[in-house]
Amino acid sequence: MDLFAIDFHAHPQTEEMLRAKGHRRDELARFLGPNRSPISFAEMADRYRSRKMMAVILNADDETTSGAVPAPNDALAQAERDHPDVFFAFGAVDPWKGAAAIRELRRCKEELGIRGIGEFNPGRQHFYPNDRHFYPIWEECQRLGLIVLFHTGTLGAGAGKPGGMGFKLKYTRPIPALDDLAADFPELRIVAAHPGWPWHLESLALVQHKANVWLDLSGWAPKYLPSEVVHYTNSLISDKVLFATDWPAIDTDRYIAEFNELGLKPEVRERVLRENAQRLLGISVEAMNPTSEIST
């Protein structure tokens, strides 16, 4: 059976990855249920494989601001090596770590074979991506050919808590931060994760204007996507939008069921589900799996 979709935004739930979330693990429990059990990479791979799907698995590093020690990027790289028919590993760096972050970027690319870095989360990491203090990081990502993925729009972290637990949404606005980045680093491939609400119109303008920026649809159940996002996905930016769930925050089966109700043109649906991600990742599914088949 042919590949159905590539989920461009999935968060592993191994015990190691959950432990690395620190206090955010309790916040996630409020949304996903307090009795969640860890899920191994093998179990996660089986879930995606049985649905004829692949997934970009993401790491996070906000140690400077949270104090939580991140899971090693090696774990995600090993998961891709163990399950190359399912996973694409993205590593993570804390932008405040400076030279150490740049060394980790090089290690991710040159030793671990990682294709991208993310999820950068300016709201949790407390930084503006267009602050020139961080430009050496983007210069190195561009040089190495690494895709960079940024959280945009409102945050789940701290949502509904007094003061939002100190998290500030100003860091997650797409324009000017990511627009400046895309303009100053035209060969840097940037993914704006989530529709970017309440600045989703800025996200759409950014993706339409800058050839090196893509939009992933993660974090919002499709039936709640703003109408403008659906309209532009179905028209002007159909080759720049990526199917993405934010698993396990949104279950893949629920996402697909609601995605099918968006009324996208058949050719657009195929681009969003699979083809745009293949082009961005620079991969051929046939080359990775000569039978053109992902077993169930």
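The values are calculated or read from the model by the stated rules, or taken from the named source; none is laboratory data. Everything quoted here is computed from the prediction, not taken from an experiment. Positions of Cβ are generated from backbone atoms using ideal geometry, with glycine treated the same way; all protein chains shown enter the neighbour counts.
Residue count for region 63-97, restricted to those that are farther than 26 Å from M165 by Cβ and part of a loop (DSSP other than H, G, I, E, B): 5. For E104, are the conditions met, namely being touching a helix residue (DSSP H, G or I) at 6+ places or on another chain (Cβ under 9 Å), among the charged types (D, E, K, R) and more than 28 Å from Y48 (Cα to Cα)? Here the answer is yes, as E104 does meet what is asked. Counting only helices (runs of 4 or more DSSP H) wholly contained in region 112-201, no element carries 3 or more residues that are free of Cβ contacts under 8 Å to residues at least 24 places away in the same chain.
One residue stands out among those in region 1-29 that are among the basic types (K, R) and outside any loop (DSSP other than H, G, I, E, B): the one that is modelled with the lowest pLDDT, which is R25.
Can K168 be described as surrounded by fewer than 19 Cβ atoms within 10 Å (Cβ to Cβ) and under 22 Å from D251 (Cβ atoms)? It is false that K168 is surrounded by fewer than 19 Cβ atoms within 10 Å (Cβ to Cβ) and under 22 Å from D251 (Cβ atoms).
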